[in-house]
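Structure record follows, encoded as C-alpha cells.
The values are calculated or read from the model by the stated rules, or taken from the named source; none is laboratory data. Everything numeric here is computed off the predicted structure, so don't read it as measured data. Positions of Cβ are backbone-derived with ideal geometry, glycine not excepted, and every protein chain shown enters the neighbour counts. Please note that ligands, DNA and RNA were not included when accessible areas were found on the heavy atoms of the full protein model with its side chains. Shrake-Rupley method; radii C 1.70, N 1.55, O 1.52, S 1.80 Å.
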Amino acid sequence: MRKKLAVVLSLFMVSAVVMAGCSESSSKTEGTSDTGSGNAGKSGTKVKLTGIMVKHPLTKPLAEMEWLKKAEEEAGVEIKWQEITADWGQKKGTMLASGDVPDLFVGANVITDADFAQFQGLFQDLSDLVNKNAPNVQMMFNAKPETKIIATQPDGKIYGLPKYQRFWPASATRQFINKKWLDNLGLKMPTTWDELYNVLVAFKEKDANGNGDLKDEIPMDWPGGIGGYFNPAVLLGSEGITLSDGSGQGYYVENGKVKNFLIDERFKNLVVFLNKCYAAGLINPEVFTHDYTKYQSIARGTGDTAKVGFTWGWVASDRFGDQVAPQYASMSPLKRSADSNAKLSWSYDYNSLNFGSNMVVMSAKTKNKDAAMKFINNLYDPKVSMQVLFGSLGTNIKDNGDDSYSVLPPTDSKMDPGTWKWTSTMADNGPMYIADSLKLNLGKDMSEVLTQSEPLKGALSVSTKTDVYPNLFIKYSTADNNTLSLNNTNLMNLANPKFAQWVTKGGIDAQWDAYVKECQKAGLQQNIEIMQKYYDSFMSKNK
Amino acid sequence: MIFPAIAVILIFNYGPMYGIQLAFRDYDFAKGLTGGEWRGLYYFKQFMNSYLFADLMKNTVTISLASIVLGFPAPIILALILNQIRRKKAKQILQTTVYLPHFISTIVLVGMLNVLLSPETGIVGYLMKLVGLGDINLLASTSTFMPVYVLSDIWQHCGWNSIIYLAALSTIDPQLYDSAKIDGASRWQTIRYVDIPAIVPTMIILFILSMGNVLGTGFEKIFLMQNALNLPVSEVIATYVYKIGIVSNQFSYSSAIGLFNTVINFIFLIAVNAISKRFSNMSLW
C-alpha cells in the first residue's frame, strides 16, 4: 500500500514538473489550432496573427466591428485578438519581461517609449517597413510632420506609430454649473472664486433642485486627487498658470521655464480656497474615495432632478447624461478675485487630444512582417481611420455619396453620442489619421464639445512656444526616463495625500514649508532640471 | 519516498532564488535576468536613502505588529469559548458560522467594507450618525485605517485560525477535566489550569511563525483599501514595491526592496525563535 502510494505520488510530482515546463508551448499550439479549425477551408492562405487591443471597458468585442473585419480581410490577415479593458499597466510589465508577446499591440500609448528602451530587441523597428509598404503612414508623416517627431525615438528608430485625429478642441476639461439652479435661486453666474463660493453655499442651503430635500445637493465634485483632467487644478488658470495635457503631476511651463504647481504659492491659495469650500460642506465628502464610475453616476441625478451644482467634465451630455445635461451651462474661467489682474488661462491639451503616441506596435518576432504592416497601413487609410474613430460605415457613419460623410446619432436613443462612440469602436484608442481634407460632419457630441468650449476660448489663446510643455514630442533617454518616473512616483505619493488632507482638514499654512522641502527631497528639483534641459533643446531645434 | 518532496522544494522554492541577484544588478532585457551590469548594494542604498524609507518601515511594522498583537489572541479566545460549549449541534453551527468569512475573497471583502463603511449610504456610517459619532469616513482617515484593517482581518480569519487550537484542545485527556471537577474547579479554573497550559506549545510555535511575517503584511487587502486620504499610513513596503516594480518597471530596485523585506523577516524569525528557546525551551528548530 505504502509503496503504491509512493509511486503514485512521485508520478504525480514528475508530471507536475513536466507540465509546468511544457505549459508555455502547449498553450501556444492550442492558440493557433483554435483559430485554424474554424475557418480552415476558406481562409487557407490568410496570414494568422495575434494581437492585443487595450480598449475602453464599454467597447464591444472587436469581432463585432465590421470595419475591422474588412481591414483584416483586405490585408489578407486574420488576427486573433486578446482584448484588455483594465489594469494593462500591471499586466504589461510581466508580459514584456517574459518575452512572450503577441504580433501586434493596439491602444493609446500601449507600449511606452520607456518600454522600448528597456525591452530592447522585443519590438520591431518599423522605419524600413513604413518606407517599403505603408503609403498611408507616409502620407501622415508628410502631411503632419509632428507625427513623425512623435514616432521617432532618439536613435532614429520607429517602434510605435502615432495618430492624428484633428477634430478635438484645445482642452479636455470644461467647467459646468447648473444654470437651472442659479435661475431657481435667482443667482447670477459667478465670475470670481468668492462669487462661486457664495453660489455654492446657496446651492447647499436652499434646496436648489427644488425637490423638497435640503440635503441631496452636492455643490462641487471632481474625480479625486490633484492634477489631470476634470480636476480643480484648472482653477490655477485663474492665477495665470497654464496646465498642459492636464498636468497630472503638476508640471507646467511659464515663460519658457519648467515649473511644478505642487510647490507653487498659487497652488497654496487654491488649496486654501478648496478647504474653505470643504469646511462649509460644499464638496462631495467622498471626493477622495469614490471611483470614476461613482463620480459619473452621481452627476447623472435621478430622473429630472440634478444632484451636482458645479463640476468639470468633457461635455455636459457625457458628464450628466442626456436627461439633466440641458440644465448645465459651460462656464468661462473664473477670476481669482474681482481686482485680480492675472491673465486668465486654462488647461491646454490640444496636443494630447489630437495626437497620440505608440498607438500600434509590432513585435520583432512577428513571422510575416509585411502582412502585419499591410494591415497597419490599412488602419491609416483615410476611410478606415474615420471608422476606427467613429464606427462602421452604415451603422455609425453615413456615406453622403458626394465624397462627404456624416456621423450618425446613436441607434439606441437612450444612449448619449459619446458613450455610443466608445461602445461601437476602438474610438480614441485606435491608430488613425484623420486628414485635414476629409469631409466629415461630426455628431452631436463633437459639435457640443466645440460649442461648450466657446467660453474657454479667450483663456486658451496661450503661447504654445513659451507656456506649454511639449510633452508628446520629447523623447527622454532611458536613464532620465527612469529618474523621472521614480521621482514622480515618490512625488505623487507625497503630494496626493497632502492635498487630500489639506482640503478636508486644512493645515496647509503650518505644513507648507516642510512639504516643499519634502517634495524637493522626493526629487522634484531634479525632475524640473531634466525636463528644462529637454525643453530647451526641443525649442532650439523647432523654432 | 521523500525524494519527490525534496525535488519539488528544490525546483520551485530554491530554483527561482537565483533571480535574487537582480537586486544587485541593472535589469537588462536583452541580456536576460543575469546579464545586467553588477551594481552591488546600489539599489539597497537607494532605498534606505529614499525619503519614503522611514514612513514605509513605520507603516509596515505598525500594521504587522497590530495584526499580531490583536490578531494573535483572538483565535485562542474563540477556541476556548467554543470548547466550553457542550451542546454538540450548537457548537457545530457556531463553528461553521465563524469559519465562513475566511472564504470571502479579498476583493469582495474590501468591496463589502466600502459599501458598509460609506458615510453616505453605508449601514455603519448610518449607525455612527445615530449614536452621534458624526460623519467619519472610516476608510479615508489616517487614524482609522489601521483599526479597520486589523479588525476586519480578525473578523475574517479568527474562526479559521481557531481550528488548530481546537485540535490541540481536543487532545486533552478527559480525565484531567474530571479530576479538576472533583477538586471543585470552576469553569474559569478549568480553562486557566487545564486548557491554556495544553495549548501553550501550539501558541508559541504559531507566534514564532507569525513573527517571521512582521514585515510581510498582505499586499492585496492594503492595496485595495488605499486611497489618497489614508495613503500616509497605508503605504507599506509591499505596495511600494508593486508601484515601483510592476507599474514603473524598475525591476532591480523593487527586487532590492523585496529582498530587504525578506531579510528583516528572517532576522525577526531567528530572534524570536532564539528568545523562545532560551526562556521556554520551545522552538522551531
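Residues that are within 13 Å of the chain's Cα centre (by Cα) and either modelled with pLDDT under 90 or within 19 Å of B:S280 (Cα to Cα) (or both): list the helices (runs of 4 or more DSSP H) wholly contained in segment B:183-249 that include at least 2 such residues. Walk me through it before giving the result.
On the way: elements: B:187-190, B:196-211, B:219-225, B:231-234, B:237-241.
Output list reads B:196-211, B:219-225.
Only one of the numbered conditions (1) in contact with a helix residue (DSSP H, G or I) (Cβ under 9 Å, 6 or more places away or on another chain); (2) open to solvent by 70 Å² or more (accessible area, probe 1.4 Å); (3) within 14 Å of another protein chain (Cβ to nearest Cβ); (4) over 19 Å from B:Y240 (Cβ atoms) is not met by B:Y42, and that is (4). Annotation note: of B:Y165, B:Y126, B:Y99, B:Y149, the sole residue that is among the hydroxyl-bearing types (S, T, Y), in contact with a Phe, Trp or Tyr (Cβ under 6 Å, 6 or more places away or on another chain) and in a helix (DSSP H, G or I) is B:Y99.
Among the candidates A:G356, A:G301, which residue alone is surrounded by fewer than 23 Cβ atoms within 10 Å (Cβ to Cβ) and in contact with a Lys or Arg (Cβ under 6 Å, 6 or more places away or on another chain)? Write out each step before concluding.
Numbers: A:G356 fails: surrounded by fewer than 23 Cβ atoms within 10 Å (Cβ to Cβ).
Answer to the selection: A:G301.
Quick check on segment A:359-370. Is at least one of its residues within 23 Å of A:F167 (Cβ to Cβ) and either modelled with pLDDT of 95 or more or small (G, A, S) (or both)? Can you show your working first?
The first filter runs over segment A:359-370 and keeps only residues within 23 Å of A:F167 (Cβ to Cβ), leaving A:359-360.
Next cut, either modelled with pLDDT of 95 or more or small (G, A, S) (or both) only: A:359-360.
So far as segment A:359-370 goes, yes, one or more of its residues are within 23 Å of A:F167 (Cβ to Cβ) and either modelled with pLDDT of 95 or more or small (G, A, S) (or both).
The set of residues in segment A:238-254 being closer than 16 Å to A:Q532 by Cβ and either open to solvent by 20 Å² or more (accessible area, probe 1.4 Å) or assigned to a strand (DSSP E or B) (or both) consists of A:S244, A:Q249, A:Y251, A:Y252, A:V253, A:E254. Report whether or not A:E83 is acidic (D, E), without any contact (Cβ under 8 Å) to a residue 24 or more places away in the chain and either over 24 Å from A:N482 (Cα atoms) or not in a helix (DSSP H, G or I) (or both). Judged against the criteria, A:E83 is not a match.
Consider segment A:495-513. How many of its residues are within 12 Å of chain B (Cβ to nearest Cβ), open to solvent by 20 Å² or more (accessible area, probe 1.4 Å) and over 18 Å from A:R266 (Cβ atoms)? Number of matching residues: 4. Within segment B:212-237, the set of residues being away from chain A (no Cβ under 14 Å) and open to solvent by 20 Å² or more (accessible area, probe 1.4 Å) comprises B:N213, B:G216, B:G218. Is segment A:118-130 home to any residue that is within 14 Å of another protein chain (Cβ to nearest Cβ) and in a strand (DSSP E or B)? Looking through segment A:118-130, at least one residue is within 14 Å of another protein chain (Cβ to nearest Cβ) and in a strand (DSSP E or B). Candidates are the residues of segment B:82-122 that are touching a residue at least 40 places away in the same chain (Cβ under 8 Å) and either loosely packed, with under 11 Cβ neighbours inside 10 Å or hydroxyl-bearing (S, T, Y) (or both); the one that is nearest to the other protein chains (Cβ to nearest Cβ) is B:T106. Hey, could you check segment B:241-256 for residues that are closer than 13 Å to B:Y42 by Cα and out of contact with any strand residue (DSSP E or B) (no Cβ under 7 Å at 6 or more places or on another chain) and say which is most open to solvent (accessible area, probe 1.4 Å)? Going through the qualifying residues, I end up with B:S255.
Listed here are the residues, each with its yes/no results for (1) touching a residue at least 60 places away in the same chain (Cβ under 8 Å); (2) hydroxyl-bearing (S, T, Y).
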| position | (1), (2) |
| --- | --- |
| A:Q501 | no, no |
| A:Q511 | no, no |
| A:E518 | no, no |
| A:E529 | no, no |
| A:Y534 | yes, yes |
| A:F538 | yes, no |
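Within segment A:76-88, restricting attention to residues that are surrounded by 14 or more Cβ atoms within 10 Å (Cβ to Cβ) and either more than 19 Å from A:T59 (Cα to Cα) or within 14 Å of chain B (Cβ to nearest Cβ) (or both), the residue that is farthest from the chain's Cα centre (by Cα) is A:G76. Taken residue by residue, segment B:53-65 has at least one member that is exposed (fewer than 11 other Cβ atoms within 10 Å of the Cβ), within 12 Å of chain A (Cβ to nearest Cβ) and under 16 Å from B:A238 (Cα atoms). The residues of segment A:132-172 include none that are touching a Leu at 6+ places or on another chain (Cβ under 7 Å), open to solvent by 10 Å² or more (accessible area, probe 1.4 Å) and among the polar types (S, T, N, Q). For A:G212, the criteria (1) more than 22 Å from A:A279 (Cβ to Cβ); (2) buried (at least 17 other Cβ atoms within 10 Å of the Cβ); (3) modelled with pLDDT under 95 hold in every case but one, which is (2). The residues in segment A:89-109 that are in contact (Cβ under 8 Å) with a residue 60 or more places away in the chain, buried (at least 22 other Cβ atoms within 10 Å of the Cβ) and within 18 Å of the chain's Cα centre (by Cα) can be counted, and the count is 3. Looking only at residues in segment B:1-39 that are facing another protein chain (nearest Cβ under 9 Å) and small (G, A, S), the one that is most open to solvent (accessible area, probe 1.4 Å) is B:A30. Residues in segment A:272-292 that are within 14 Å of another protein chain (Cβ to nearest Cβ) and outside any loop (DSSP other than H, G, I, E, B) were compared, and the one that is nearest to A:L200 (Cα to Cα) is A:I283.
The residue pairs whose first member lies in segment A:254-279 and is more than 13 Å from A:I241 (Cβ to Cβ) and in contact (Cβ under 8 Å) with a residue 24 or more places away in the chain, whose second member is of a type in the set (G, A, S) and surrounded by fewer than 18 Cβ atoms within 10 Å (Cβ to Cβ), and whose beta carbons are closer than 8 Å, counting only pairs six or more residues apart or on different chains, are A:N275/A:G506; A:A279/A:G506.
Hey, does segment A:411-422 have a residue that's in contact with a Lys or Arg (Cβ under 8 Å, 6 or more places away or on another chain), open to solvent by less than 40 Å² (accessible area, probe 1.4 Å) and either at positive phi or among the small types (G, A, S) (or both)? No, segment A:411-422 contains no residue that is in contact with a Lys or Arg (Cβ under 8 Å, 6 or more places away or on another chain), open to solvent by less than 40 Å² (accessible area, probe 1.4 Å) and either at positive phi or among the small types (G, A, S) (or both).
Take the residues in segment A:520-533 that are crowded, with 21+ Cβ neighbours inside 10 Å and part of a helix (DSSP H, G or I), then tell me which one is farthest from the other protein chains (Cβ to nearest Cβ). Before you say what the answer is, go through the steps one by one.
Our first condition is that a residue be crowded, with 21+ Cβ neighbours inside 10 Å; within segment A:520-533, this holds for A:522, A:524, A:527, A:531.
From what is left, the residues that are part of a helix (DSSP H, G or I) are A:524, A:527, A:531.
Working: A:L524: 11, A:N527: 14, A:M531: 17 Å.
That would be A:M531.
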